[in-house]
Amino acid sequence: MDDRKQSIIDHLEELRLRILKSLICVVLFFAPGYFLAQPSIEALKRYAAPPGVMFYYLEPMALFFTRMKLGLVYACLFAFPVIAYQSWRFVAPGLFQKERYYITRLSGVSTLLFLVGVAFSLFGVFPALMRFAYGMSTADIAPMLQVGSVVNMATLLSLGFGIMFQLPIVVFFCVISGMISLDAMRKARPFIVLVIFVLAAVLTPPDIVSQLCMGLPTWLLFEISLFAVAKYAQRQKVAAKNDDDTDDDDDDDANSAAGDPSAPAAVSEEPSWLAPDSSNSDIYPNDMISGGEPLAGVSPGRVRHIGPGRHGRSARGRRRG
C-alpha cells in the first residue's frame, strides 16, 4: 500500500512539474503576444469589418483588457509546442506501443487540421458573419461594434473551428483502434450529427447563423472522414489478402517440392552429438569409425549404439557379450 501511495505521489509530483513548465513558457510568451494584440485588432478591422465601420469601447479599461485577453491567446498559441511536449512526456509511459505509434503519426496531421480550422474561421466564416450582421442595419438603426465583443467572437469561432476540425482524427482513431466499427458509426450517423450541432451551439456565440456556419462544415467533414476511413480500411483489407495469398503460394511451392521425386532431397546434417569421436575408443571403436575390425583388447559388449550410425547400424544391432 505504501508503494502504491508513493507511486501516486510521484505521478502527481511529475504532473505538477509538467504544468509548471508549461505555465512558465506561457508567461514568457505573454509579452510578445500583448504587443501583437493591437496590430491584430487593426488587421481584424481591415479585412473583417465592412468599409467605414469603426470599433468602439464603452469603458475606460475595455481596450486594455481586450489586449490582455488577446495577448494570452497568443501566448498559449506560441507555447503550444512546449505544452504538447510536456503532456506527451507525462502520458506516453502509460500507453501501449501501438497507441504511441498512432499518436506520433497523427500529431502532425492534428496540428495541421487545427490551423486549417482557425484559418477557415478567420478568413471565411468570421468576415461573412460580420457582413451579415452589418447588413441588417437600417437608416434609423446603426450598429456600434464594441472591440471586446468582436475580438471575443473571432477568438471563440477560431477555437471552436480548430477543435471541430479534429473530427477526422477522432473518427480514424476510433475505427482503427477497434473502439467502434465503421458500420456502427454509419448507423449512428443521426446521433453523431446531433452531437455535432450541439457542440457547435456550445462553441459559437448564441445565434443560429454562427451555429449553422460551424455545424454544416463539420457535418461535411464528418462525411468526408467516413469516406476516407472506408477507403483506408479497404486498402488495408486488400493488402492483408495479398499477404495471405503470398503465404499460401509459398506453402504450395514447398509442398510440391516435397512431393516431387525429381526434386533434390533435403540434406540434413548429422548433429554433432551423434558424430563419432575418435578420441574415445571405448564408446566408439574403430569399426564404427573406419568400418574395420574392433580394436584388440576391447570387449564387444562395451560397444554401444545411440542411434542410427553413419554405417546404417541401429540400436537393434547391439552386440551381445
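The values are calculated or read from the model by the stated rules, or taken from the named source; none is laboratory data. Treat the numbers as computed from the prediction; the structure is a model and nothing was measured. Neighbour counts run over all protein chains shown; Cβ positions are idealised from the backbone, glycine included.
Quick notes on this structure:
- Checking every residue in segment 208-215 against the condition of being farther than 17 Å from LEU113 by Cα, not aromatic (Phe, Trp, Tyr) and not in a helix (DSSP H, G or I) gives zero matches.
- Each residue in segment 158-180 was checked for being among the small types (Gly, Ala, Ser) and crowded, with 20+ Cβ neighbours inside 10 Å, and 3 pass.
- Any hit, segment 60-75, residues being without any contact (Cβ under 8 Å) to a residue 12 or more places away in the chain, in a helix (DSSP H, G or I) and not acidic (Asp, Glu): yes
- Flag if PRO51 is in a helix (DSSP H, G or I), surrounded by fewer than 11 Cβ atoms within 10 Å (Cβ to Cβ) and free of Cβ contacts under 8 Å to residues at least 40 places away in the same chain: no
- When residues in segment 28-42 are screened for being under 9 Å from ALA79 (Cβ atoms) and among the aliphatic types (A, V, I, L, M), 1 of them pass.
- Of the set (1) farther than 30 Å from TYR56 by Cβ; (2) exposed (fewer than 13 other Cβ atoms within 10 Å of the Cβ); (3) among the hydrophobic types (A, V, I, L, M, F, W, C); (4) at pLDDT below 85, all apply to LEU95 but (2).
- Elements of type helices (runs of 4 or more DSSP H) in segment 83-192, at least 2 residues being in contact (Cβ under 8 Å) with a residue 40 or more places away in the chain and aromatic (Phe, Trp, Tyr): 97-120, 126-135, 167-176
- Residue in segment 3-18 that is nearest to LEU72 (Cα to Cα), counting only those that are surrounded by 11 or more Cβ atoms within 10 Å (Cβ to Cβ) and free of Cβ contacts under 8 Å to residues at least 60 places away in the same chain: LEU17
- Among residues of segment 199-229 being surrounded by 14 or more Cβ atoms within 10 Å (Cβ to Cβ) and among the small types (Gly, Ala, Ser), the one that is farthest from the chain's Cα centre (by Cα) is SER210.
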